[in-house]
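The values are calculated or read from the model by the stated rules, or taken from the named source; none is laboratory data. Since we're looking at a predicted model, the values are computed, not measured. Note that we place each Cβ from the backbone using ideal geometry, even for glycine, and neighbour counts take in every protein chain shown.
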Amino acid sequence: MARIKRGTIKTKRRKHILEHTKGFRWGRKSKLRLAREALLHAWTYAYRDRRVKKREKRRLWQSQISAALKELNFSYSKFIHLLKQKNIQLDRKILALLANKHPQVFENIVEEIREK
């Protein structure tokens, strides 16, 4: 049976890993064994933190809406409950944007909900 030489494949794999570790500190950017370990952790944290980012954004929007509602003497929980009850489908991102950039429009939405 013929011998298989792996020079090109091995080089390609090594190059692929080291391309992803560009910018890492110390030997983790140039030494294959350290680079592999660093990438294992980096990609794990990246996957996890994409979900954490969404969670943190939602918390930020909730606090922004709550702050705007406190100025109007209205509680966040009652506001969200009435939104669902009246079947008004505005998500928290849009409501936070309206509360920050267009307070008059946000105030009109709150008044609409209060009246019904």
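Structure above, values below:
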{"quantity": "Whichever residue in region 31-54 is surrounded by fewer than 12 Cβ atoms within 10 Å (Cβ to Cβ) and over 30 Å from Asp91 (Cα atoms) and, among such residues, is farthest from the chain's Cα centre (by Cα)", "calculated": "Arg33"}
{"quantity": "Yes/no for Lys53 being modelled with pLDDT under 95 and not aliphatic (A, V, I, L, M)", "calculated": "no"}
{"quantity": "Condition check for Lys57: exposed (fewer than 12 other Cβ atoms within 10 Å of the Cβ) and out of contact with any Ser or Thr (no Cβ under 8 Å at 6 or more places or on another chain)", "calculated": "no"}
{"quantity": "Residues that are among the hydrophobic types (A, V, I, L, M, F, W, C), modelled with pLDDT of 95 or more and on the phi < 0 side of the Ramachandran plot, drawn from region 1-45", "calculated": "Ile17, Leu18, Phe24, Leu32, Leu34, Ala35, Ala38, Leu39, Leu40, Ala42, Trp43"}
{"quantity": "Index of the failed condition, Phe74 passing every other in (1) in a helix (DSSP H, G or I); (2) closer than 16 Å to Ala96 by Cα", "calculated": "(1)"}
{"quantity": "Test result for Phe79, assigned to a loop (DSSP other than H, G, I, E, B) and either of a type in the set (Val, Ile, Thr) or under 15 Å from Ile109 (Cβ atoms) (or both)", "calculated": "no"}
{"quantity": "Evaluation of Thr8 against (1) outside any helix (DSSP H, G or I); (2) loosely packed, with under 12 Cβ neighbours inside 10 Å; (3) of a type in the set (Val, Ile, Thr) (one fails), failing number", "calculated": "(1)"}
{"quantity": "Residues located in region 16-30, provided they are part of a helix (DSSP H, G or I) and surrounded by 11 or more Cβ atoms within 10 Å (Cβ to Cβ)", "calculated": "Ile17, Leu18, His20, Gly27, Arg28, Lys29"}
{"quantity": "Single residue of region 92-116 satisfying the filter (of a type in the set (A, V, I, L, M) and within 22 Å of the chain's Cα centre (by Cα)) that is surrounded by the fewest Cβ atoms within 10 Å (Cβ to Cβ)", "calculated": "Ile94"}
